[in-house]
1. If you check residue A:225 against the conditions, is it more than 14 Å from chain B (Cβ to nearest Cβ) and in contact (Cβ under 8 Å) with a residue 40 or more places away in the chain?
2. I need the full set of residues from region B:70-88 which are under 19 Å from the mean Cα position of the chain (by Cα) and either over 18 Å from residue B:122 (Cβ atoms) or loosely packed, with under 15 Cβ neighbours inside 10 Å (or both), in order please.
3. How many of the residues in region B:231-259 are surrounded by fewer than 18 Cβ atoms within 10 Å (Cβ to Cβ) and touching a helix residue (DSSP H, G or I) at 6+ places or on another chain (Cβ under 8 Å)?
4. Could you check region A:96-195 for helices (runs of 4 or more DSSP H) lying wholly inside it with 1 or more residues that are under 30 Å from residue A:66 (Cα atoms)?
5. What residue, among those in region B:95-106 that are facing another protein chain (nearest Cβ under 7 Å) and buried (at least 21 other Cβ atoms within 10 Å of the Cβ), is farthest from residue B:186 (Cα to Cα)?
6. Where residues in region B:129-142 are within 24 Å of the chain's Cα centre (by Cα) and at pLDDT 85 or above, which of them is nearest to the other protein chains (Cβ to nearest Cβ)?
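The values are calculated or read from the model by the stated rules, or taken from the named source; none is laboratory data. What you are looking at is a predicted structure, and each value in this text was computed from that prediction instead of being measured. Positions of Cβ are generated from backbone atoms using ideal geometry, with glycine treated the same way; all protein chains shown enter the neighbour counts.
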């Protein structure tokens, strides 16, 4: 066990030191992608803008996300409130900016965690096979057997509200699907000749997984990531709607849409703005994912 | 006497099936002497590749080596555990695969893959490994080694990729190289160059087990040749002896079926019938049903190997009866 750890650590170190190898190739690939794929380039721009908006929210707006102005409830867009106010008289633009913080975090953090868990378990299950495979995949089946919303509610109910618990819940929900896909990919790769050739030069288990199997899963993982980020944002908003998850007056985009639904006819701007932002963010992640997949898949490179 | 590099005796590989075990490799014995190229020739499915895999310890479950012995310089390979075997693979024992298009990892630059083979078996720095990789690339005739080493497999031609595979196999100076049809996927010019490389390696002291179904290649390259049929070695002997005085009817059939410009206008000889399906081998001599000499003895029992002249071993009851 210890030995294995050392091996992995060395491997990692080697990769870090390897400054001008894959990393520069990676950079070159990205550059090429942006030149060729306008949608991906635009998506990166949009995502960067959203991140900047989230970071600089306090600078960009004179209001705070929980400033109530009860004399000014449900007012339509105006010079003072560019996107109008909600049922509590809070400035919607302000809440959108602050909401970006939570929604983006909720999109990215649990997705990354679930992909790390899923990729690790999936490759191990696929590679080792036998009883290891059975145990891991039956666990995944159990997670997948429950309706995901119900399971999310149960977990949230048990853990209690709060941002970290939302992270945990989403990670626990999503790893199983990732593990399944990665396991299938590993099974396919296991039978390729280059994995056999790698065995023929004496590559051992952990190194095989890290250097040969996982890099070949990368395009799949990127697609999973870009699909799971928007899904996580949406799941969070459903949880918030049900009163579990982010609590008002904190702002997340999903929460804002749900808050606005009672006033859909009298004050449609409450729903429209966050709804539109969710759509833009989801599309941006998807386009970026497509672009990344094309750029990182060596088979599709034409030099 | 000098020690043999590889000594396989009575090797049997079995796969369990519904109707008992199926043996793709059955009682195979062969020897590769130091500095020798030994050819293993036969039709598709006769057990050539399976023999090679058995030596590498790469037989996939549910297949298993169920009998015999494999000695690499006197070391019993079948007695080693997984870790010991891993340290031999790529180190003292290397393999070149048939299809260079699919046997390199598509997402790793080829130079890195060769470096990996070095780093796995030698305690050297990264720079040293890199240096050796470039040297190995030059040795196998890759021009612009520096530039090529940073290429991904799909950016290289088939011939270059096979050279990379050979560089990878040779970089730790193995005792034994197993080449599993290394030229099948290449055109004849590349083939000639790869064969030349094989000879150079032999001259540097690596013994080679060369698997092919191309008799011409075997005749050119190998010092000693084994002809396999249905999991058994039908006939083996010095290449010259075997090609000039084939004894086993199967070997004769194979040699007769080689087309040649000298025999323009004649009908090509063939071996009638086809290879028996796995698991339904005939009783007695497996070649019996396709053989002109087959009689009651042949149908009754499988012939044991007989040495009819030094180093020339045949599995046939009728060996030597019919003049060549």
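1. On the way: more than 14 Å from chain B (Cβ to nearest Cβ): yes; in contact (Cβ under 8 Å) with a residue 40 or more places away in the chain: yes.
Here the answer is yes, as residue A:225 does meet what is asked.
2. So the first thing to find is which residues in region B:70-88 are under 19 Å from the mean Cα position of the chain (by Cα), and the list is B:70-73, B:77-78, B:88.
Those that are under 19 Å from the mean Cα position of the chain (by Cα) and either over 18 Å from residue B:122 (Cβ atoms) or loosely packed, with under 15 Cβ neighbours inside 10 Å (or both): B:70, B:71, B:72, B:73, B:77, B:78.
3. So the count comes out to 3.
4. On the way: elements: A:130-145, A:148-159, A:163-190.
Counting at least 1 such residues, we get A:148-159, A:163-190.
5. Keep residues of region B:95-106 that are facing another protein chain (nearest Cβ under 7 Å), which gives B:95, B:97, B:99, B:102-106.
The next check asks that each one be buried (at least 21 other Cβ atoms within 10 Å of the Cβ); those that pass are B:95, B:97, B:103-105.
Numbers: B:95: 17, B:97: 12, B:103: 14, B:104: 16, B:105: 19 Å.
Ranking the qualifying residues of region B:95-106, first place goes to B:105.
6. Step one: filter region B:129-142 for residues within 24 Å of the chain's Cα centre (by Cα), giving B:136-137, B:139-141.
Filter once more, so that each one left must be at pLDDT 85 or above: B:136-137.
Values: B:136: 13, B:137: 16 Å.
Only one residue fits best here, namely B:136.
Okay, residues lined up against (1) modelled with pLDDT under 85; (2) more than 30 Å from residue A:272 (Cβ to Cβ); (3) part of a helix (DSSP H, G or I):
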{"site": "A:213", "(1), (2), (3)": "no, yes, yes"}
{"site": "A:220", "(1), (2), (3)": "yes, yes, yes"}
{"site": "A:225", "(1), (2), (3)": "no, no, yes"}
{"site": "A:232", "(1), (2), (3)": "no, no, yes"}
{"site": "A:238", "(1), (2), (3)": "yes, no, yes"}
{"site": "A:244", "(1), (2), (3)": "yes, no, no"}
{"site": "A:251", "(1), (2), (3)": "yes, no, no"}
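Yes or no, residue by residue, for (1) touching a residue at least 40 places away in the same chain (Cβ under 8 Å); (2) more than 13 Å from chain A (Cβ to nearest Cβ):
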site: B:44; (1), (2): yes, yes
site: B:62; (1), (2): yes, no
site: B:66; (1), (2): yes, yes
site: B:69; (1), (2): yes, yes
site: B:84; (1), (2): no, no
site: B:108; (1), (2): yes, no
site: B:114; (1), (2): yes, no
site: B:125; (1), (2): no, no
